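First comes the structure, then the notes that go with it.
The values are calculated or read from the model by the stated rules, or taken from the named source; none is laboratory data. From a predicted model like this one, the values you see are computed outputs, not experimental measurements. Reconstructed Cβ throughout: ideal geometry from the backbone, glycine too, with neighbour counts over all protein chains shown.
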């Protein structure tokens, strides 16, 4: 029994050599283009199978091409068979690259069976080939002529062909199921090439020899030569396929991850069993988790169960609870093939809650913008109004400071003049934006500027404007020269820090000082006068009583004289008693006239301004007016000067005013005091009082709006003027000394009264002689 | 017989005047103030009333004004010794009230008697 098994054809030797070289360099040649660290194990195994297969075939072709069957040849052939018998499972595994498990048990068992079968046949062939050749089936010896070729051909058909067909089915299924058009293209091309290559290999190895020889006579053929060559091409195809679809294609993977990381939607990539593989930062943020935590979970745990995670699909408004908060998501699921048969899935979800939130936010912001715009208009309006007001205020202020009856200026924090009124400009010139010489600035002003406390001092100036001391001023004043007195005020405008702005006022006090002096003098006079008045009243009471006593004594003396004869010894004594009484009377009259004369002599009439006294009286009464009663002084001619005793004048006015106020106590009303000059051309007759002689008078009218007086009352009001009784008794008018005072001052009065309307006292006080 | 009322707060003066007039045969009543006098002249008829001006309680002016309202103003003689001011001041006012006569204290008795007689004769 001889079997060729190997061909000695130079073409076949050449082809086998090329195939060996190709398979040896295949790894390096093709794998260089990919960047994966290592090829998947099925492809590596397939390359190793090819190397062994081609090596054995080349050795066989070179050295064992003869018909003789030697042990070495059989061993070599068996080694070759051990290699290709595994090609089927390897190709199948290449076709199912997505299964992560390296070797599935079925394929391992299948491989083991095939190896065992090859080894069994090889052992039989080495020890006794007849065990095989003499196998008879129904009287025939099918293995008699070419036992090895037939057995190994069967092995090929049993162990390899079904797996190749299964691989084709896998590829076909992949073509049909894939949604990715690129994948479909690749798969279709691979499938087509695969089918064509195997058809060619089968045709040349089995079908053509059978058709040519009409029977299977593998005499001169090289066993499985075409399959051997095609397997190289399949290896190349497998590597190409793997390279083209591999997830290990670094550039595309890198690009994809970059895009995924940049995208604003959440993206989670998960395996076909749902295990989470990766997630982009947005997704991590949405679920508030880390990638390590997420990788321990399944996609089904995160999203609701009614989503089909392993189909390309699109779901709208899915509610998902994240940390007890309901979020709405738009969900899209994509499938991506990472190898010929494996795929992974990508879930893309956009948080609608956020989208809605941002839409609402944009709407709100738009509304706010409109409001802001309206606010802006309003503020602009307000600003305009404020500006207008500010202008008005400025104008008001300007008018006010110019109307001030004294000098006004203001300086800023640095001591620069900011404002001056016309009076100040007229006095000192326009100092706007200028400094004062530091030596000229008073300590008061500096203190006010630094301490924030208002300061003031009195300054004295001569007519020429020279500043003088108080003593110098007093000297000039005594000499009767004009001296101006100024009150200088420095008012700081207090803010956070000193120095402060300062307002300065320079008030001319000359007139006021003069008036004050006059008033002081009048007050002093009044005091002295009132003390003398007390003395006079005391003496008056004494004189009255004593006069009565003497009057009685004189009267009794007269009666006694009438009752006895002149020659009666007692007559002379009575006359002496009467004389003594007369002397007492004279001495009393001297005393009285001394007192009366003294009151007038002690306080000589002086010239004074009555309006000061009137204002004093008004002020005093204003402080204690009964409810509903007002007191006003109006139409007071302040230029009038009168002669008289100040205290008397004040007393008379006070008494009349008091009387008027008492008359209005219950009904309320107004008491008006007026004063003007009146010249009487002829004597004015006044009822119940001495006529008023012609002359120049200050006429002081004191009118009340009380009930007025009827004729009877009017008559009686004069009586209380003369009573010595205490105030509050009798008619209670309390004007005990008014008439005497008037007489002393050569003054007079009359009364006009209208029932229901009120009473007016007109006091005529002589003006000073001009 | 004519009846005269004398009003004065000084008892001695009252007594003196009463004596002076009683001697001349007049009926004389006395009162020490206006209040007492009022009680008298409202119940009796007097031909002449002599009154002081300055008195406690009701003073001479009130008496004068009261009598004047009764139509007896011209039967009054006002007498004053003066006080805080000279007696004239008071008496001028009394004159304005249309009294028949005024006398300063000390009184000239002759003149007073004459005036009393004159008033009585007039009526």
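Points worth noting:
- Evaluated against (1) touching a residue at least 60 places away in the same chain (Cβ under 8 Å); (2) within 8 Å of chain B (Cβ to nearest Cβ), residue A:558 falls short on exactly one condition, (1).
- Test: residue in the range A:672-687 that is at positive phi and either modelled with pLDDT of 75 or more or more than 14 Å from chain B (Cβ to nearest Cβ) (or both): no
- Test for residue A:635: is it assigned to a strand (DSSP E or B), in contact (Cβ under 8 Å) with a residue 24 or more places away in the chain, at positive phi and touching a strand residue (DSSP E or B) at 6+ places or on another chain (Cβ under 9 Å): yes
- Sole residue being in the same structural domain as residue A:464 (by TED's automatic domain parsing) and in contact with a helix residue (DSSP H, G or I) (Cβ under 9 Å, 6 or more places away or on another chain), chosen from A:496, A:487: A:487
- Condition check for residue B:25: under 23 Å from residue B:118 (Cβ atoms), within 14 Å of another protein chain (Cβ to nearest Cβ) and surrounded by fewer than 18 Cβ atoms within 10 Å (Cβ to Cβ): yes
- The lone exception for residue A:741 - which of (1) over 26 Å from residue A:645 (Cβ atoms); (2) facing chain B (nearest Cβ under 10 Å); (3) modelled with pLDDT of 70 or more it fails: (1)
- From the list A:551, A:540, the one residue that fits, being assigned to a helix (DSSP H, G or I), within 9 Å of another protein chain (Cβ to nearest Cβ) and at pLDDT below 80, is A:540.
- Considering residues of the range B:28-51 that are assigned to a helix (DSSP H, G or I) and in contact (Cβ under 8 Å) with a residue 24 or more places away in the chain only, the residue farthest from the other protein chains (Cβ to nearest Cβ): B:40
- Scope the range A:540-567; condition farther than 23 Å from residue B:111 by Cα and buried (at least 21 other Cβ atoms within 10 Å of the Cβ); matching residues: A:540, A:543
- Yes/no for residue B:58 being part of a loop (DSSP other than H, G, I, E, B) and either facing another protein chain (nearest Cβ under 9 Å) or surrounded by fewer than 16 Cβ atoms within 10 Å (Cβ to Cβ) (or both): yes
- Test: residue in the range A:507-514 that is loosely packed, with under 14 Cβ neighbours inside 10 Å, touching a helix residue (DSSP H, G or I) at 6+ places or on another chain (Cβ under 8 Å) and more than 14 Å from every other protein chain (Cβ to nearest Cβ): no
- Looking at A:315, A:369, A:334, just one residue is at negative phi and within 37 Å of the chain's Cα centre (by Cα), and that residue is A:369.
- Entirely in the range A:136-232, the helices (runs of 4 or more DSSP H) that have 3 or more residues that are more than 30 Å from residue A:126 (Cα to Cα), at pLDDT 85 or above and assigned by TED's automatic domain parsing to the domain that holds residue A:81: A:161-177, A:181-202
- Test: residue in the range A:472-479 that is surrounded by 10 or more Cβ atoms within 10 Å (Cβ to Cβ) and closer than 21 Å to residue A:500 by Cβ: no
- Residues in the range B:82-105 that are within 7 Å of chain A (Cβ to nearest Cβ) and either part of a loop (DSSP other than H, G, I, E, B) or touching a helix residue (DSSP H, G or I) at 6+ places or on another chain (Cβ under 7 Å) (or both) were compared, and the one that is modelled with the lowest pLDDT is B:84.
- Selected residue (only one of B:70, B:1 is more than 9 Å from chain A (Cβ to nearest Cβ), surrounded by fewer than 17 Cβ atoms within 10 Å (Cβ to Cβ) and touching a strand residue (DSSP E or B) at 6+ places or on another chain (Cβ under 6 Å)): B:1
- Which listed residue is part of a helix (DSSP H, G or I), within 9 Å of chain A (Cβ to nearest Cβ) and over 28 Å from residue A:586 (Cα atoms), from B:15, B:65: B:65
- Extreme residue, farthest from the other protein chains (Cβ to nearest Cβ), among residues of the range A:582-593 that are modelled with pLDDT of 85 or more and surrounded by 14 or more Cβ atoms within 10 Å (Cβ to Cβ): A:584
- Matching entry among A:14, A:102 (being at pLDDT 80 or above and either more than 60 Å from the chain's Cα centre (by Cα) or in a helix (DSSP H, G or I) (or both)): A:14
- Among the residues listed as A:574, A:503, the single one being surrounded by 14 or more Cβ atoms within 10 Å (Cβ to Cβ), outside the structural domain of residue A:644 (by TED's automatic domain parsing), within 27 Å of residue B:81 (Cα to Cα) and in contact (Cβ under 8 Å) with a residue 12 or more places away in the chain: A:574
- Residues of the range A:561-581 classified as assigned to a helix (DSSP H, G or I), away from chain B (no Cβ under 13 Å) and closer than 20 Å to residue B:24 by Cβ, total: 1
- Answer residue from the range A:605-632, given it is farther than 26 Å from residue A:707 by Cβ and touching a strand residue (DSSP E or B) at 6+ places or on another chain (Cβ under 6 Å) and is surrounded by the fewest Cβ atoms within 10 Å (Cβ to Cβ) among those: A:607
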